[in-house]
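Notes follow the structure.
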Ligand code: OFO
C-alpha cells in the first residue's frame, strides 16, 4: 500500500518524466531546424524513453491501488545556442531528475515503503546511465569544437540510436 505522501510525490514524478519527454521533443525540433538529423533522432529516442519512464510509474501506482493524477506541463525551452548548449542543458536536467529520484528513495525509506523503495532502484540505475550518456556526448562535442566534419560524423553516429520499448508487452 502506498501512503498519501508517496502517492503525491509519485504523481509529481510522472509530471517530471513527462516534462522530460516534452523538453527532449523540443530539442528534437531544434535539431531538425538546424539540419542535424542524427541529433534529432537521438532526442526522439530520448523523448520516447521518457514517456516509458512516466508509464512505468503509472503502471506501478495502479498495481498498488494508488490514484494517478496528471498535472499541467511547463512550456519547454525552444532554442539553444549550439548542440553543446543543448546537451549541457540535457545533463543539467538529468541531474535535477537524479536529485528528484534520490528524494523519492529517501521518502520511501522514511515511510518504510519497501515496495516503492525496490521499484525506485530501477530509476537510480537508469539515472547513472542517462548522465553518463550525456557526458560522453558533451565530451565529444567539446573535442569537435568548430570542426564541421567532426560534427557531421557525430551526427551520423547519433542517427544509429534505436528506440527499444521498456517492456515490450507493456507498449
Ligand atoms: Fe531522463 O530519465 Fe527519466 O527517469
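Flag set for residue 171, criterion: at pLDDT below 95 and loosely packed, with under 11 Cβ neighbours inside 10 Å.
If we keep just the residues of the range 123-159 that are touching a residue at least 12 places away in the same chain (Cβ under 8 Å) and within 14 Å of residue 36 (Cα to Cα), which is surrounded by the fewest Cβ atoms within 10 Å (Cβ to Cβ)?
156
Sort out which residues of the range 35-46 are part of a helix (DSSP H, G or I), surrounded by 18 or more Cβ atoms within 10 Å (Cβ to Cβ) and more than 9 Å from the ligand (Cβ to nearest atom), and write them in order of number. Matches in the range 35-46: 38, 39, 40, 41, 42, 43, 44. For the residues 8, 32, 17, the requirement of being away from the ligand (no atom under 16 Å from the Cβ) and under 21 Å from residue 99 (Cβ atoms) singles out 8.
What do you reckon, is residue 166 within 16 Å of the ligand (Cβ to nearest atom), at pLDDT below 95 and either surrounded by 13 or more Cβ atoms within 10 Å (Cβ to Cβ) or under 22 Å from residue 6 (Cβ atoms) (or both)? Even if it seems obvious, please write down each step before you answer.
On the way: within 16 Å of the ligand (Cβ to nearest atom): yes; at pLDDT below 95: yes; either surrounded by 13 or more Cβ atoms within 10 Å (Cβ to Cβ) or under 22 Å from residue 6 (Cβ atoms) (or both): yes.
So residue 166 passes the test.
Quick check: anything in the range 91-105 crowded, with 16+ Cβ neighbours inside 10 Å, more than 11 Å from the ligand (Cβ to nearest atom), in contact (Cβ under 8 Å) with a residue 40 or more places away in the chain and under 18 Å from the mean Cα position of the chain (by Cα)? No, because not a single residue in the range 91-105 is crowded, with 16+ Cβ neighbours inside 10 Å, more than 11 Å from the ligand (Cβ to nearest atom), in contact (Cβ under 8 Å) with a residue 40 or more places away in the chain and under 18 Å from the mean Cα position of the chain (by Cα). Entry remark, the range 47-90: residues being in contact (Cβ under 8 Å) with a residue 40 or more places away in the chain, under 24 Å from residue 121 (Cβ atoms) and assigned to a helix (DSSP H, G or I) number 13 in total.
The values are calculated or read from the model by the stated rules, or taken from the named source; none is laboratory data. Quantities reported herein were computed from a predicted structural model and do not represent experimental measurements. Neighbour counts are summed over all protein chains in view; Cβ atoms, including those assigned to glycine, are modelled from backbone coordinates with ideal geometry.
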